[in-house]
Each structure stands twice: as C-alpha cells, then as structure tokens.
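Here's the structure, in structure tokens; my notes come after.
The values are calculated or read from the model by the stated rules, or taken from the named source; none is laboratory data. Predicted model, so just to flag it, every value in this text is computed and none were measured. Here Cβ is always computed from backbone atoms with ideal geometry, including for glycine, and neighbour counts include all displayed protein chains.
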Amino acid sequence: MRIKIEPRLIVPKWMSFLGLIAAILAALFFGGFLLSYGGLNPLVAYRQMFTDAFLRSYSPSDTLVKATPLLLAGLGVTVAFRMKLWNIGAEGQLLIGAWAASGVALFVMPPETPRPIMLLAMGVAGFLGGALWGLIPGILKAKLQVNEIISSLMLTYVAILFNNFFIYGPWSAGGFGLTRSFPRTGWFPRLLDFVDFVPAFRGMTAHIGFLIGLVAAVILAVLFRRSKWGYELKLIGDNPRAAEYAGVNLARHIMLAMFISGGLAGLAGMSEVAGVVHRLQENFSPGYGFTAIIVAWLARLNPLAVVLVAYLFGGLLVGGDSIQPAGIPLMIQGIIMFCVISADLLTRYRIRLVRPKSQELEALDTEVTAG
Amino acid sequence: MTQLDTNQPYALVMRGIVKRFPGVLANDHVDLALYPGEVHALLGENGAGKSTLMNILSGLYRPDAGQIIINGEPVTFNSPRDAIRRGIGMVHQHFMLVPTLTVAENLILGQDDIGFILDYTALEAKVAELSQKFGLAVDPHAKIWQLSVGEQQRVEILKMLYHGAKILIMDEPTAVLTPQEVEELFKTLREMAAVGHTIIFISHKLDEVLEIADRVTVLRRGKVTAVVDTAHTTKAELARLMVGREVLFRVEKKPANPGNPILEIQNLNAKNDRGLPALRNLSLTVRSGEIVGVAGVAGNGQVELAEVITGLRPAESGKILVHGQDITNKPATAAIDRGVAHIPADRTGVGSAPNLYLDENLIMKSYRHPPISKGWAINLSEAFRQAVQLIKRFDVKTPDVKTPARLLSGGNLQKLILARELSREPEAIIAVYPSRGLDAGATEAVHRRLIDERDRGSAILLISEDLDELLSLADRIVVLYEGQIIGEVPPKDELVDEIGLMMAGTKIQAGD
Ligand SMILES: Nc1ncnc2c1ncn2[C@@H]1O[C@H](COP(=O)(O)OP(=O)(O)OP(=O)(O)O)[C@@H](O)[C@H]1O
Ligand SMILES: [Mg+2]
C-alpha cells in the first residue's frame, strides 16, 4: 500500500467551502483533546464558550469588541494578500497606529478639543502610523526586492520594543507599563453612553470602531470588484509580468498596497486604544494582527466575508475568556489555522491509497471502468 | 469511423476516447493506433483536442470513456507517473522544468526510487550515454535557466528517455525552435524511431509534418476525420482535411504605400536578462502603411527589441520615437497610450493572466480609458459586451466569456491576445511570432488582419523566425544578428539563401 498525492485540475467552489467547514470541525475536535488534557470536559467547555460568545445578552456587544480590531486588521491583510504581497506584520502596524493615536490624544491635541475633531485627528494619526510602518517593507520590496514576509514580521518586534520604550519611558504614568488615560474627548462612543435612551445598553462596551470597519469592508468590496485599482491588484496577483505588460507600475502598487494595508491595521490599533483601553499600555493586543491573517485567509480575501469571520473569531476570543487555562483559545486558533491550510491543500490535491496490484487484476479493472 | 485491426502489432492503441469539459466535447470517440518505430503526426485546428488527447495518454487527465492499450495490454493511468511507468513520456507545449536546478537534478525529479543518497556518477554516466546515443548534447551541470529554449527541450526529451519512455509525445515542439534546431530535433527523432521508439508529433507546420512523420491522424472538433500516409498526401490536402476548406498559404496583398515615419529607433543599446548587451546601436524606422520584417535566429535580440520599444526593458542609450515623441525609458503606458500594440513572444508568461476570465484579459490594455473606464471604476458590462464581440470576431473557441484564460487551447489563447492587441486600431504593431501555435486557417486569418492593419495605415514591425511568413507579409526585411541590423533585403523568394547567410552573421549586399 502506498500513498499518492496528485493535483486536482479543477477545484469546485463547493469543495473549498466544505473544506473550510470540515477544517473548523476538525479543529474543534482536536481542540477537544487539549481541553480534556487541561482537565475540562470538552463538550461542557465548548457549550460554555458558545453561550458566552453568542447567546447571552451581553454576547453580541462583547463579541463585537473583540471582532473590531480583527475586522480592521483583517481588511488590511486582505488588501496586501490580494496581490500576493505577504504582509504578515499587521501586528506591528497595529501597535504603531495605536502609538500614534495615543500620542495625538495625549500630547498634541489639547484635552478640550471637541470630540469629533479629537477622534478624527487620532484616526488620521493611527492610519498614517500604521501606513508608514507598512510602507517600510513596501519600499524595501519595491526598490530592493527585500522579502516582505521577513521584513514585515521583523518590524513587528521593533514596534513592540518601540512602544515599550515610550510606555516605560517618556510617556509612562508612574513608571508602570502604561500611559495616563486619554481625555474623555479621545474615547470612542460606546453603546453604554446611550443608556439614557436605550436602557438595555447598560454595561455594553461595543464601540463605533466596528461600524468604521463595516464601512471600510463595503468600500473595499466595491473597490475590489469595480475599480481600476481592484482590477490592477487582481492582475498583479495573478501574473505580475502580464501586469507590467499592461502598463501597471508594480513598484508603485506594492508601496500603495502596503501603505493601505498598514493603514487599516493602524486604524485597528487606534480603534482599540480609543474604544477599549483608553490609553496606551503594554500587551493591549493579544496578537490581533496575527489572528487577522487567519481571518483574512479564512474569508478567502473577500472583504464582506472578513466581517463575518472576524465576528466568529471575536466569539472565539470571548468564549475563550470564560475557560481556563487561558492559553487554550489561542491554541485552538492555531489548530484552526493549521486545519484550514491542510484543508486548502486537500482540496487542491487528491490523496489516494494505491494497492500494488497484479497485472491481471489491473487489466480487469480497466475492462470494468472502460465498460 | 475507421475500424481498428486489433491483430496488428500496435505499440499503442487508444480506442473510443471521450473527454468532456464544461461546455466542450474535447475528444469525441477518438481512435489512434501507432506502430512501433513510427513517427505519427497529430494534426488539427486550434482547439481540436490534440493536447487533451495527449494529456489523457500521459496520465494527466482521465478519459470519460475509452480504452488505452499498450503492446496489447489494456492499462489505466491515474497519474503521469503511471504513464511514465508504462513507458509514455510527454514533452509539453510549455516546458515543465525547474529553472533553478541543474539538468541532472531535473532528470531525477519525480523518480520513485532515488534512495537517500544520490549517485551522481551513475546518473551522469547514464545521461552521457543517452545524449551520445540520440545526439542530445547538454551539459548535465548547467542550470536550466542558463539554457536556450532548444537546449531545454533536449533536457525534456532526455528526461523522458531517462525515465524509460518508449512512446514519446511531443506537443508542438518546433514552435519555439530555430530552423537549425528543428533539423537537429528531427535527427534525434529519426534515431529514436530507428531503435523502435514510437513518436507522436504535434505541429501546425505542415511542411514539418510531411518531412518527419510516417502517418498522420487528423482531428477536427474532437473527432478523427482522417488517417493518412504522408507518402500519399500533400500540404494542401492536409490543410483541407484539417480546416474543411481550401487554405491560402500566402495571402494576397497590394504593394505597400508607406507614409510618414511612425516608429523611429535611433542608436539603441540595451542589455538582456543576464546583463549582456542584447541590442547594439540599432537604428530602424517603420513608416505608416508598411510591414518591416525582422529576420534572425532566436536569441539575437528580437525579444529585447520588442520589450525596449514597449517600455518593458530599459534602454542603455539611444532613442525611441513614436510620432516624433520621445518615449525612451518612459513607463509602458507611454507606448500603450500612443497606440503601440504588442503581441509578445511569451503568451502565457507575459501576454495573459491565466486565472482571470477572458473579458478581464481582453481589457488589459484598454481599462484606463473610456468606454471601459468610467472615472475610477471599470464598466464591467461594457467589458463583457466587447469581449463577446471580440471572441466572435477573432474566432476564439471557448464555451464562455467567463472562462479562465488558462483553459484555452494554445492557439486560442494566441487568438485572444491578437484580439486584444489588434482591435484597438493601433498606430504601430510590434508583432513577435504572431502566428506561433496557430493552425493554418488561423494563421491565414492573422496574416490577413496584419495586412488590413497595414492598409489602414498602421506601422508594423514583424519579428519572426519563419522565413515564409516574413517573405509573404513583409514589405522589407532587416536581418538581426547579435543585436545589430546587419543588412536589409527586399522580400523576394529568390533571396532566401542570402537571408539565411545573413542570419548566420555574414554581411552581404543583397538585392538591389
Ligand atoms: N482543463 C480544461 N478545462 C476546460 N476546457 C478545456 C480544458 N482543456 C482544454 N479545454 C478545451 O478543450 C478544447 C480542446 O483543447 P486542446 O488544448 O486539446 O486543443 P488543441 O487541439 O491542443 O489546440 P491548439 O492547437 O490550439 O493547442 C478547447 O476548446 C479547450 O478550450
Ligand atoms: Mg495544444
């Protein structure tokens, strides 16, 4: 008996969809082993996770909070991945976006600035911070053919240390790893701010960031489908030499895509500090920028699907908070990614077991199939 | 349908092969029978199903129905490996070598039983023996990317022989070769046939088929329409069997009526991919209403010339003017926007995006301007409408506009590129091997289109290795040798020998 792997010529759409579902189920299955190893009954734990993530009255709001950075950063990753530009440094771009927005809120704008202007300034700073951080690997790739996978990842570690320098150093509040809190005008409106009008919003922390992400997703969906830029991204992604032949300036597009990709990740960081933590602090992101890669990939680089997948992953994070040990949701995420990539491979290739047959048997076999 | 005589000692029989793709019946009960030691040609229009049939034989596709019998024994293939194990090897229309590996490393790729440690000396000995036996000289240590197209093809053949192929399929092997390389290939094929190998040879060049093949099977729309001995047939008959009507091998044209210079190239110098000089001090003018043919053995700067003109390769020095405007080292859009069409030599690598639909491929040059562009957006319905028209006008055979370009047959992909480039009423056309891979009927149609464009006033630079094509289309011919134009000749049939000599580097004052 031997195992053979051969490529499939045509992969039907339903098959890749089924593959995804199977991957998620498989991930939950393997995750179950982890849970029971951690001393939990997997079924009970999953039910607990699911309930917390989706069924309680607070669930939609809590899940939206976690989904927001995933959505924005996931859209950023989508832009770059569409042209096969592997920006895996969204985490770093998110951190720099958060840093820039914090700097503007704390040190540039006076605290009494009207809220819309304050938030707009923070948003612009967050976008630009992430965009410029993304532009670095973009320029390196466009001008010097430096591999963006490595440079964007490395810059993430630079970004972590960069932020730490500020929050432990010049921006530190009393030597702790955090800054002082933003003035109220630098806070995103949250549902609980409207509790006077809608009493049910009591305690709900979902903020306007998700709406921003939703708008961004719709804009990207339209651009990808209808715009010249979307067409150019697709062309470059499929055959860069044909794109050049069609007159597309590759270097400019690489830089632009990295700029926008980083900018959206930076906006995710800004939305996180303005909407959730209200200050810059160490480890405020549990790796949103990395999870965003999984989100974008699972959504098959379709911006509207990113919204849905981000919401589901938000649920996974919320549900994960309710079970101990805390590392488990992260591990399940890892397993999901692993299973998704395997499913991708399995739908593109076919694995068969072949028995060494005698000649006669094989000939018989032929007669039957040719019949 | 011909009844197969199963008592014959055939090396290979394919019987009743059916292969359906969504919207196309690519093979419709095809029968094919080959004797040992025979060179058998497969002829047919673009999209007739030749490559599909061979992909079935080489284990890449599974037939929907039908049987394959090798030396009297029925077989089923589930993968190319199964076919290789049964002694069937295919050299594809587009090569499948790994550019960064050496010749020897490419040979052992895909082998089951190489073991953990490679025995290089044994491998090289075997390679040397095979090269010697069949006249396939290559350096086993050379990296693939360093080799010319002809040498790469030799590696493909060696690879098949190394894996023990007794039946060798060659899908349009000569389309990319120079005449000298074709001669060498034919010598190799004859030697292989002489020792009992069976060769299936696909080509659209009827002269070649008559020269090398013993018998011919003709396919039309997926069906076998004839099996003939080359000893008892003619070029015209083969063309008629293929296309179903008489084909003109030389299109009629009026004398040229050249107008103003449109494309002016002055003292151009450029380098090739390896950084060596590819064009040296080249000057050339193409006027409105004339076709200037560029003759030359491949690799003498043809592709580089086309690329520099169209802005895809930097010029080291010199000037390129279109309508008197300098476009030297401007972005590719400078040439595109001034109406310079470019039919590139490499239709899959450069000329098309394989996974994009046909309409998306067709707007590659026109999406920046109305009516395809609508402000920031692309007018998708207009693109679709135009695509439907172009596919009809240029006779691209496809089930649907929303088909990815990679699923088109080789010749139909070329027609798609021609449709895109010629439909924009270009001021100048840089045509590199425009009829490569086209069947006789489609070649005739393209030639007629180029002449129509000329008569409309377009300035055409026709780069070709096919002297017949140059002689029948060009109004004057320049010969390119090592990046220089070493002479100009009028397109007269009696000057073929002079042109041949000049292509080999001899400077002579021909004609006049
Ligand atoms: N994988 C595929 N999926 C769908 N359609 C296909 C596929 N491969 C080939 N076809 C279609 O089948 C038909 C036959 O194609 P094939 O490549 O066999 O033609 P061919 O005779 O080799 O033509 P050419 O001379 O142009 O190379 C064409 O209409 C082509 O579009
Ligand atoms: Mg073909």
**Q.** Residue list for the stretch A:35-86, restricted to those being basic (Lys, Arg), within 21 Å of A:Ala299 (Cβ to Cβ) and not in a helix (DSSP H, G or I)
**A.** A:Lys84
Q | The lone exception for A:Phe259 - which of (1) closer than 19 Å to A:Gly92 by Cβ; (2) within 14 Å of chain B (Cβ to nearest Cβ); (3) of a type in the set (Phe, Trp, Tyr) it fails | A | (2)
Q | Flag if A:Val318 is at pLDDT below 95, surrounded by 23 or more Cβ atoms within 10 Å (Cβ to Cβ) and either outside any helix (DSSP H, G or I) or among the aliphatic types (A, V, I, L, M) (or both) | A | yes
Q. Within the stretch B:403-432, can you find the residues that are within 13 Å of ligand 1 (Cβ to nearest atom) and within 14 Å of chain A (Cβ to nearest Cβ)?
A. B:Thr403, B:Pro404, B:Ala405, B:Arg406, B:Leu407, B:Leu413, B:Leu416, B:Ile417
Q | Residues (surrounded by fewer than 22 Cβ atoms within 10 Å (Cβ to Cβ) and within 13 Å of ligand 2 (Cβ to nearest atom)) located in the stretch B:397-409 | A | B:Lys397, B:Arg406, B:Leu407
Q. Does A:Glu244 satisfy the criteria of being touching a His at 6+ places or on another chain (Cβ under 8 Å) and within 10 Å of chain B (Cβ to nearest Cβ)?
A. no
Q) Within the stretch B:433-442, is even one residue under 23 Å from the mean Cα position of the chain (by Cα), more than 30 Å from B:Leu43 (Cα to Cα), away from ligand 2 (no atom under 16 Å from the Cβ) and more than 14 Å from chain A (Cβ to nearest Cβ)? A) no
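Scanning for something assigned to a strand (DSSP E or B), within 11 Å of chain A (Cβ to nearest Cβ), on the phi < 0 side of the Ramachandran plot and surrounded by fewer than 22 Cβ atoms within 10 Å (Cβ to Cβ), does the stretch B:322-333 turn up at least one residue?
Our first condition is that a residue be assigned to a strand (DSSP E or B); within the stretch B:322-333, this holds for B:322, B:325-326.
When the remaining residues are screened for being within 11 Å of chain A (Cβ to nearest Cβ), the result is none.
So far as the stretch B:322-333 goes, no, none of its residues is assigned to a strand (DSSP E or B), within 11 Å of chain A (Cβ to nearest Cβ), on the phi < 0 side of the Ramachandran plot and surrounded by fewer than 22 Cβ atoms within 10 Å (Cβ to Cβ).
Based on this model, can you work out whether A:Val248 counts as closer than 24 Å to A:Leu132 by Cα and assigned to a loop (DSSP other than H, G, I, E, B)?
Working: closer than 24 Å to A:Leu132 by Cα: yes; assigned to a loop (DSSP other than H, G, I, E, B): yes.
Taking the combined requirement at face value, the residue satisfies it.
Quick one: is A:Val276 under 23 Å from A:Leu55 (Cα atoms) and either in contact with a strand residue (DSSP E or B) (Cβ under 9 Å, 6 or more places away or on another chain) or of a type in the set (Lys, Arg) (or both)? Full working, then the answer.
Values: under 23 Å from A:Leu55 (Cα atoms): yes; either in contact with a strand residue (DSSP E or B) (Cβ under 9 Å, 6 or more places away or on another chain) or of a type in the set (Lys, Arg) (or both): yes.
Yes.
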(Q) Step by step: first the residues of the stretch B:158-205, then only those that are away from ligand 2 (no atom under 16 Å from the Cβ) and among the aromatic types (Phe, Trp, Tyr), then the one that is farthest from the chain's Cα centre (by Cα). Which residue is that? (A) B:Tyr162
Q: Considering each of A:Ile96, A:Ile10 in turn, give the residue that is at pLDDT 85 or above and hydrophobic (A, V, I, L, M, F, W, C).
A: A:Ile96
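Taking the conditions exactly as written (at pLDDT 90 or above, aliphatic (A, V, I, L, M) and part of a helix (DSSP H, G or I)), does B:Leu130 satisfy them or not?
Working: at pLDDT 90 or above: no; aliphatic (A, V, I, L, M): yes; part of a helix (DSSP H, G or I): yes.
Here the answer is no, as B:Leu130 does not meet what is asked.
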Q.
Only one of B:Ile417, B:Ile460, B:Ile477 is touching a strand residue (DSSP E or B) at 6+ places or on another chain (Cβ under 7 Å) and within 16 Å of ligand 2 (Cβ to nearest atom). Can you tell me which?
A. B:Ile417
Q: Just need a number here: residues in the stretch B:487-509 that are under 16 Å from B:Ala298 (Cβ atoms) and buried (at least 18 other Cβ atoms within 10 Å of the Cβ).
A: 3
Q) Taking the stretch B:52-108, which residues are crowded, with 23+ Cβ neighbours inside 10 Å and on the phi > 0 side of the Ramachandran plot? A) B:Gly59
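Sort out which residues of the stretch B:298-332 are among the basic types (Lys, Arg) and within 25 Å of the chain's Cα centre (by Cα), and write them in order of number. Outline the logic, then answer.
First pass over the stretch B:298-332, keeping only residues among the basic types (Lys, Arg): B:313, B:319, B:330.
Matches in the stretch B:298-332: B:Arg313 only.
Residue by residue, here is whether (1) surrounded by fewer than 22 Cβ atoms within 10 Å (Cβ to Cβ); (2) touching a helix residue (DSSP H, G or I) at 6+ places or on another chain (Cβ under 8 Å); (3) assigned to a helix (DSSP H, G or I); (4) at pLDDT 95 or above holds:
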residue: B:Phe384; (1), (2), (3), (4): yes, yes, yes, yes
residue: B:Ile391; (1), (2), (3), (4): no, yes, yes, yes
residue: B:Asp395; (1), (2), (3), (4): yes, yes, no, no
residue: B:Gly411; (1), (2), (3), (4): no, yes, yes, no
residue: B:Lys415; (1), (2), (3), (4): no, yes, yes, no
residue: B:Ile430; (1), (2), (3), (4): no, yes, no, yes
residue: B:Arg448; (1), (2), (3), (4): yes, no, yes, no
residue: B:Asp468; (1), (2), (3), (4): yes, no, yes, no
residue: B:Ser472; (1), (2), (3), (4): yes, yes, yes, no
Q: Please give the number of the condition A:Leu280 fails out of (1) surrounded by fewer than 18 Cβ atoms within 10 Å (Cβ to Cβ); (2) over 20 Å from the mean Cα position of the chain (by Cα); (3) away from chain B (no Cβ under 14 Å).
A: (1)
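Can you pull out every residue in the stretch A:28-45 that is under 12 Å from A:Ser322 (Cβ atoms) and touching a residue at least 40 places away in the same chain (Cβ under 8 Å)? Walk me through how you get there before you give the answer.
Filtering the stretch A:28-45 down to residues under 12 Å from A:Ser322 (Cβ atoms) leaves A:40, A:44-45.
Selection gives A:Leu40, A:Ala45.
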Q | Tally of residues being more than 17 Å from B:Leu241 (Cβ to Cβ) and near ligand 1 (Cβ under 9 Å from one of its atoms) across the stretch B:23-52 | A | 7
Q: Go through the stretch B:200-219 residue by residue and tally those that are buried (at least 23 other Cβ atoms within 10 Å of the Cβ) and either more than 19 Å from B:Glu237 (Cα to Cα) or among the basic types (Lys, Arg) (or both).
A: 1
Q: Look through the stretch B:31-58, keep the residues that are within 14 Å of chain A (Cβ to nearest Cβ) and within 15 Å of ligand 2 (Cβ to nearest atom), and return whichever of them is farthest from B:Pro404 (Cα to Cα).
A: B:Ser58
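Among the candidates B:Leu34, B:Leu43, which residue alone is assigned by TED's automatic domain parsing to the domain that holds B:Gln153, in contact with a helix residue (DSSP H, G or I) (Cβ under 8 Å, 6 or more places away or on another chain) and under 19 Å from B:Val216 (Cα atoms)?
Details: B:Leu34 fails: in contact with a helix residue (DSSP H, G or I) (Cβ under 8 Å, 6 or more places away or on another chain).
Exactly one of B:Leu34, B:Leu43 is assigned by TED's automatic domain parsing to the domain that holds B:Gln153, in contact with a helix residue (DSSP H, G or I) (Cβ under 8 Å, 6 or more places away or on another chain) and under 19 Å from B:Val216 (Cα atoms), namely B:Leu43.
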Q. Of the residues in the stretch A:202-235, how many are more than 9 Å from chain B (Cβ to nearest Cβ) and more than 20 Å from the chain's Cα centre (by Cα)?
A. 4
Q) What are the residue pairs meeting all of these: first residue in the stretch B:293-306, first residue in the same structural domain as B:Lys507 (by TED's automatic domain parsing) and acidic (Asp, Glu), second residue modelled with pLDDT under 90 and not in a strand (DSSP E or B), Cβ atoms under 6 Å, and 6 or more apart or on different chains? A) B:Glu304/B:Asn272
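Going by what's in this entry, would B:Arg20 be described as out of contact with any Gly (no Cβ under 7 Å at 6 or more places or on another chain), farther than 15 Å from B:Thr217 by Cβ, within 16 Å of ligand 1 (Cβ to nearest atom) and assigned to a strand (DSSP E or B)? First the steps, then the outcome.
Values: out of contact with any Gly (no Cβ under 7 Å at 6 or more places or on another chain): yes; farther than 15 Å from B:Thr217 by Cβ: yes; within 16 Å of ligand 1 (Cβ to nearest atom): yes; assigned to a strand (DSSP E or B): yes.
So B:Arg20 fits the description; yes.
So which residues in the stretch B:188-221 are among the aliphatic types (A, V, I, L, M) and within 19 Å of B:Asp466 (Cα to Cα)?
Applying the first criterion (among the aliphatic types (A, V, I, L, M)) to the stretch B:188-221 yields B:189, B:192-195, B:199-200, B:202, B:206, B:209-210, B:212-213, B:216, B:218-219.
The answer is B:Ile202, B:Leu206, B:Val209, B:Leu210, B:Ile212.
Considering only the stretch B:269-287, I want to know if a residue exists there that is within 14 Å of chain A (Cβ to nearest Cβ) and assigned to a loop (DSSP other than H, G, I, E, B). Spell out how you get there, then give the answer.
So the first thing to find is which residues in the stretch B:269-287 are within 14 Å of chain A (Cβ to nearest Cβ), and the list is B:273.
Filter once more, so that each one left must be assigned to a loop (DSSP other than H, G, I, E, B): B:273.
Scanning the stretch B:269-287 turns up at least one residue that is within 14 Å of chain A (Cβ to nearest Cβ) and assigned to a loop (DSSP other than H, G, I, E, B).
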